[in-house]
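Visitor: Below you'll find the structure I mean.
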Amino acid sequence: MAAPVKLTIDGKAVEAAPGTLVIDAAKLVGINIPSFCYYEGLTLQAACRMCLVEVEKAPKLLAACTLPVAEGMVVRTETPVVAEARKYTLEFLLTNHPLDCPVCDKGGECELQDMVFRYGAGESRYSENKLHVDEKQWSPVVFYDGPRCILCFRCVRICSEGMGVGALGIVNRGAVSEIAPNHGDHLECDECGMCIDICPVGALTSGTYRYKTRPWEMDHVGTICTHCSNGCKTTLGVRNGQIIRGNNRDRSGINGEFLCIKGRYGFDFTDHPERLQSPLMRVNGKLEAASWSVALAAVAKKFSEVRARHGSFGVIGSTHTTNEENYYLQKFARSVLGTNHIDHHRSGDVVTLLDALSGTAGSLSTTADLYERKAVLVVGADLSSQQPFLAFQIRANYRHHQARVYVVTENEVREDGIAAATVRVDKGGELAGVHSLAEKLKTESELVIVFGDSIKGEAVRELVAFGNSLGIPVKYVALVDYSNSRGALDMGLVPELLPGYQPSNQPGMTVGEMLESESLEVLWVVGANPLESAAMKAKDAFVVVQEMFLTETAQRADIVLPAASAYEKTGTVTNVTGEVQRLKTGPSTMGAKPDLEIIGLIARDMGLAAAVGPWIADKVFEEIRATVKGYSVPMAIISAGGAAHTMPVNGRIPVESRPDLIHSSRDNLFTSGTLGRYSKMLGSVMEGRQA
Amino acid sequence: MTLSPHLEAKFAKLLTSYPPGRQRSAMIPMLMFAQDELGQVTQELVEEVARRIGCTPLQVEEVLTYYSMLHKKPLGKYHVQICTNISCMLTGGAELWEHASGKLRIGHREVAADGFFSLEEVECIGACSWAPAIQVNYDFHHHVTPEKLDRLLAGLRSANAV
Ligand code: SF4
Ligand code: SF4
Ligand code: SF4
Ligand code: FES
Ligand code: FES
């Protein structure tokens with residue numbers, strides 16, 4: 001590291017690394033220099049002139065956003081001259097800007113409004129008519145109101161640099177300049193809404209949120225996205241028990257401000273009209289509404305009866321329910337129902353990876369590693385489409401640290417554009433493709449390998465052997481599909497493993513075997529939809545389903561219990577890289593209950609509550625921390641809304657990982673399994689229909 | 001899109017005229033040469049240029065809409081550009097503009113019905129010393145008066161009469 005540069009900002013001594021910009025150096029001592037076009041992490045634009053500062057010995061004001069620190073520099077950020085310059089800048093920005101803040105969607109959280117409030121360009125000397133152009137809608141997600149645009153280029157840059165999409169540009173010149181979408185009158189893009197949330201003013205607004213509320217009328221609930229496995233933090237704006245928006249403008253969480261369309265707009269399933277709000281019971285062949293007490297009693301009665309005669313239970317768990325729910329469900333199944341027929345849909349071979357890595361330390365990558373490590377190898381996955389946040393991390397790593405990215409995939413992927421080397425392989429040829437990169441990878445100093453479901457079983461061991469042969473530190477990510485796919489495995493929702501990857505040593509049926517079994521007496525499905533694509537052989541089996549919607553599986557049920565969504569409960573989930581984070585309760589749906597509570601109430605009605613313990617998420621998590629290998633994570637991190645890395649490796653896992661059952665749904669940006677079908681926003685964008 | 005052999009050759013040369021990786025620099029000359037031949041910058045051309053220099057059509061659009069000498073709408077066979085900037089304005093440029101507009105019965109950036117002439121009010125064309133100045137396609141005309149303009153337009157018409 002070169003010696004730090006010493007300078008003075010507003011009388012405070014500052015030391016900053018050479019090359020630091022004055023605007024960033026000021027932040028080191030708590031001084032916030034106003035800016036519109038400057039945006040941390042994006043290329044410099046120097047377009048707005050809001051950041052002008054006085055620098056001693058400089059003949060005129062300088063833009064702090066493009067000025068590198070220099071030894072002995074004396075900067076003043078709030079002098080009368082500076083304030084006056086900012087005021088004039090604002091006066092110019094307001095010449096054609098509508099002054100209707102009371103009805104603007106951004107009112108109350110607009111950076112322009114804040115700046116005018118601070119520097120008081122309250123009177124305009126501009127007496128001409130303001131230029132007006134009508135608002136445009138570019139997609140179900142994105143609306144653009146030209147007159148409000150201050151041409152800061154943030155949207156253009158986040159889309160091309162952050163997203164790697166490049167769907168926005170600036171057309172025309174001078175006062176008639178405006179932002180334009182990539183297809184003339186409409187957008188064809190990721191529909192992520194990054195451009196909308198980064199817009200400092202009300203020029204870009206979202207189809208989901210616009211003109212529905214004022215920001216201060218909402219409660220802001222930071223929780224974890226319930227769609228893919230990446231575990232992005234999303235802050236839900238909740239008003240009157242309804243989610244009005246999702247964003248992450250406070251840039252907290254592992255994802256900073258990143259969210260894809262699912263995390264930002266895909267919450268609308270929570271108040272979908274088909275949402276179940278009452279238990280249903282089959283009466284004369286038809287599902288009819290019933291009260292909770294009647295439905296729970298019926299379930300308890302049936303369970304007790306079958307249990308008493310040692311009948312056969314099958315339990316299928318979810319990839320979206322919390323760790324607490326998964327843990328509690330398997331505990332209930334194994335210790336109360338006495339069955340080991342418990343499984344869930346598996347999407348990645350985490351088990352073999354953990355086994356192959358036994359005896360090593362620090363071999364599991366975090367999402368932060370994808371941004372920080374010097375090289376990344378992507379094997380058999382279209383990250384930008386299937387694992388959006390991981391892809392964002394890798395792009396940012398490339399932009400900020402010139403990370404070397406290697407790609408081995410069947411088809412073209414967005415990562416090709418930043419790749420140091422790309423290998424196209426036929427299906428099944430992924431490992432050979434990886435081997436062909438050996439010489440190049442050996443020249444790297446460290447590597448993260450991210451692999452999809454084409455690498456499973458023996459192939460995972462070979463991949464790890466390959467990693468070992470490189471002679472450099474290698475970390476791994478085994479990709480999985482959904483928000484708690486990883487937690488389902490960690491919590492032992494598979495017949496061969498107990499929580500923490502301890503072998504169960506008891507025979508148990510897999511999902512497929514349960515559906516094939518003719519002698520199954522009870523099938524209990526918690527938040528999964530196995531009958532979407534398969535039939536069930538046991539015609540007379542009693543089926544209990546905990547669900548949000550009347551899915552294919554729920555339609556076959558004898559009793560349906562309406563479940564709360566992940567946005568309506570507390571508990572923790574574990575993302576694709578094994579980071580545990582806590583959910584917070586946003587809205588609530590009348591009539592629905594969290595799965596944990598439903599399971600607990602069934603136990604209570606069976607008179608066996610003591611055997612499973614209290615159905616309180618915090619209590620169950622305490623038990624998980626105490627008993628599940630890898631989950632003794634610091635509570636302080638979890639409580640503060642942080643992400644704690646679980647370390648489930650070490651010691652062999654002496655079971656067969658069943659690679660034959662591992663299959664990724666390969667959801668893209670606009671699908672999300674069964675859940676995605678109930679999001680109108682995901683279904684409304686044209687890119688979703690094409691895919 | 002198929003280009004004329006002439007244009008094809010120009011494009012090929014342009015692509016080698018800039019250092020490797022800087023092929024985007026060829027964007028403006030490509031658009032200018034093609035516009036001269038096609039009379040306008042079509043959407044097809046935008047996409048073709050984007051493809052050849054490796055950028056998005058939107059990035060071509062950004063440049064195209066920024067520069068007033070690039071036109072998406074077809075121009076007349078003779079594009080008459082009248083300067084009304086300061087030197088020309090002081091010496092009769094504005095009257096010249098009024099005269100031309102009245103005579104051709106078209107306004108700024110419009111094309112006459114027969115497609116022969118189009119008109120554009122332009123900023124300084126760098127001929128202040130000989131103001132008022134106009135430019136017809138790539139030819140400059142100095143110290144222009146309404147009478148001189150009439151003769152010029154008539155001359156162009158008869159030269160093209162069949
Ligand atoms: S929604 Fe996302 S992909 Fe689409 S234009 Fe905005 S930033 Fe770009
Ligand atoms: S739309 Fe918003 S983000 Fe984009 S340039 Fe205009 S003000 Fe900036
Ligand atoms: S990347 Fe995954 S976790 Fe993040 S917002 Fe999108 S769907 Fe949600
Ligand atoms: S923030 Fe410095 S010019 Fe915009
Ligand atoms: S002002 Fe007309 S040529 Fe310069």
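To keep it simple, each residue is scored yes or no on (1) over 27 Å from residue A:101 (Cα atoms); (2) in contact with a helix residue (DSSP H, G or I) (Cβ under 8 Å, 6 or more places away or on another chain); (3) aromatic (Phe, Trp, Tyr); (4) not assigned by TED's automatic domain parsing to the domain that holds residue A:323.
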site: A:204; (1), (2), (3), (4): no, yes, no, yes
site: A:216; (1), (2), (3), (4): no, no, yes, yes
site: A:232; (1), (2), (3), (4): yes, yes, no, yes
site: A:237; (1), (2), (3), (4): no, yes, no, yes
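Visitor: With the condition being among the basic types (Lys, Arg), I'd like the strands (runs of 3 or more DSSP E) fully within region A:361-466 carrying at least 1 qualifying residues.
Guide: A:404-409, A:419-424
Visitor: Restricting to region A:257-289, give me the number of residues that are touching a residue at least 24 places away in the same chain (Cβ under 8 Å) and part of a loop (DSSP other than H, G, I, E, B).
Guide: 13
Visitor: Also, I was wondering about something else. Give the residue, chosen from A:74, A:81, that is out of contact with any helix residue (DSSP H, G or I) (no Cβ under 8 Å at 6 or more places or on another chain), more than 16 Å from ligand 2 (Cβ to nearest atom) and closer than 25 Å to residue A:122 by Cα.
Guide: Checking each option against the conditions leaves just A:81.
Visitor: Please give the number of the condition residue B:131 fails out of (1) within 14 Å of chain A (Cβ to nearest Cβ); (2) touching a residue at least 24 places away in the same chain (Cβ under 8 Å).
Guide: Condition (1) is where residue B:131 drops out.
Visitor: Assuming residue A:151 fulfils every condition listed in (1) near ligand 2 (Cβ under 9 Å from one of its atoms); (2) surrounded by fewer than 22 Cβ atoms within 10 Å (Cβ to Cβ); (3) closer than 25 Å to residue B:47 by Cβ apart from one, which condition is it?
Guide: That leaves (3) as the condition not met.
Visitor: Continuing with this model, one more query. Using beta carbons and a limit of 8 Å, which pairs, at least six apart or on different chains, have the first residue in region A:134-157 and within 21 Å of residue A:99 (Cα to Cα) and among the β-branched types (Val, Ile, Thr) and the second one away from ligand 1 (no atom under 13 Å from the Cβ) and open to solvent by less than 20 Å² (accessible area, probe 1.4 Å)?
Guide: Sorted first by the residue in region A:134-157, then by its partner, the pairs are A:150/A:36; A:150/A:48; A:150/A:97; A:150/A:112; A:150/A:200; A:150/A:201.
Visitor: Report those helices (runs of 4 or more DSSP H) wholly inside region B:45-162 carrying at least 1 residues which are among the β-branched types (Val, Ile, Thr).
Guide: Output list reads B:57-66, B:86-90.
Visitor: Out of region A:580-616, which residues are in contact with a strand residue (DSSP E or B) (Cβ under 6 Å, 6 or more places away or on another chain), on the phi < 0 side of the Ramachandran plot and open to solvent by 10 Å² or more (accessible area, probe 1.4 Å)?
Guide: A:582, A:584, A:586, A:592, listed by residue number.
Visitor: Follow-up. Give the residues of region A:159-191 that are acidic (Asp, Glu) and buried (at least 16 other Cβ atoms within 10 Å of the Cβ), sorted by residue number.
Guide: A:161, A:178, A:188, A:190, A:191
Visitor: Check off (1) in contact with a Lys or Arg (Cβ under 9 Å, 6 or more places away or on another chain); (2) part of a loop (DSSP other than H, G, I, E, B); (3) surrounded by fewer than 24 Cβ atoms within 10 Å (Cβ to Cβ) for residue A:480 and give me the number that stays unchecked.
Guide: Going through (1) in contact with a Lys or Arg (Cβ under 9 Å, 6 or more places away or on another chain); (2) part of a loop (DSSP other than H, G, I, E, B); (3) surrounded by fewer than 24 Cβ atoms within 10 Å (Cβ to Cβ) one by one, residue A:480 breaks only (3).
Visitor: Could you list all residues from region B:18-75 that are open to solvent by 60 Å² or more (accessible area, probe 1.4 Å), within 14 Å of another protein chain (Cβ to nearest Cβ) and within 22 Å of residue B:137 (Cβ to Cβ)?
Guide: Scanning region B:18-75 gives B:66, B:67, B:69, B:72.
Visitor: Spot the failing condition for residue A:184; the list is (1) within 30 Å of residue A:416 (Cβ to Cβ); (2) at pLDDT 95 or above, and only one is missed.
Guide: (2)
Visitor: Here is a list of conditions, (1) without any contact (Cβ under 8 Å) to a residue 60 or more places away in the chain; (2) outside the structural domain of residue A:516 (by TED's automatic domain parsing); (3) not acidic (Asp, Glu), and residue A:359 meets all of them except one; can you say which number that is?
Guide: Condition not satisfied by residue A:359: (1).
The values are calculated or read from the model by the stated rules, or taken from the named source; none is laboratory data. The shown structure was predicted, so the numbers you read here are calculated from the model rather than taken from an experiment. We place every Cβ from the backbone using ideal geometry, glycine too, and count neighbours over all the protein chains shown. Ligands, DNA and RNA are stripped out before the accessible areas are found, and what is left, the full protein with its side chains, is counted by its heavy atoms. Shrake-Rupley method; radii C 1.70, N 1.55, O 1.52, S 1.80 Å.
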